[in-house]
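Q: Just dropping this structure here.
The values are calculated or read from the model by the stated rules, or taken from the named source; none is laboratory data. Just so we're clear, the structure is a prediction, and the values are computed from it rather than from any experiment. With ideal geometry, Cβ positions are generated from the backbone for all residues, glycine too; neighbour counts draw on all protein chains shown.
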Amino acid sequence: MSSGNSRKCQCKDYQTSSNENANKCKGCICDTLRTLQTQTEVDVFLDGGQVLENVNFINLDNDTCCAFFVETEPGSTLIVDCQKIQAIRIQAD
């Protein structure tokens, strides 16, 4: 047998790429959204000064960094890059 034909285990490479997706979205807002309960009412303060008021958080896609929110009325879905959010206000119950 030739030592030149040794095969490298790909397990470590697979784990690294999975972890990279989980950590792809950087910043405290992305980190907060990862753990925020679905349907939590928030105000979202975007880069550039625009504010999305009284929206419900749906989920965060770790592959694309897209955060999904639904307006309470009329019910439109808003998709925002979590890295473009400067702040969120979590509404008190």
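Q: Can you tell me how many residues in segment 52-63 are in a loop (DSSP other than H, G, I, E, B) and under 14 Å from L36 (Cβ atoms)? Reasoning before the result, please.
A: First pass over segment 52-63, keeping only residues in a loop (DSSP other than H, G, I, E, B): 62-63.
Next, only the ones that are under 14 Å from L36 (Cβ atoms) stay: 62.
Counting residues in segment 52-63 that are in a loop (DSSP other than H, G, I, E, B) and under 14 Å from L36 (Cβ atoms) gives 1.
Q: Any idea how many residues of segment 64-93 are in a loop (DSSP other than H, G, I, E, B) and at pLDDT 95 or above? Steps first, please.
A: Looking only at segment 64-93, we keep the residues that are in a loop (DSSP other than H, G, I, E, B), and these are 64-65, 72-76, 91-93.
After this cut, where a residue has to be at pLDDT 95 or above as well, the list is 64-65.
Selection size over segment 64-93: 2.
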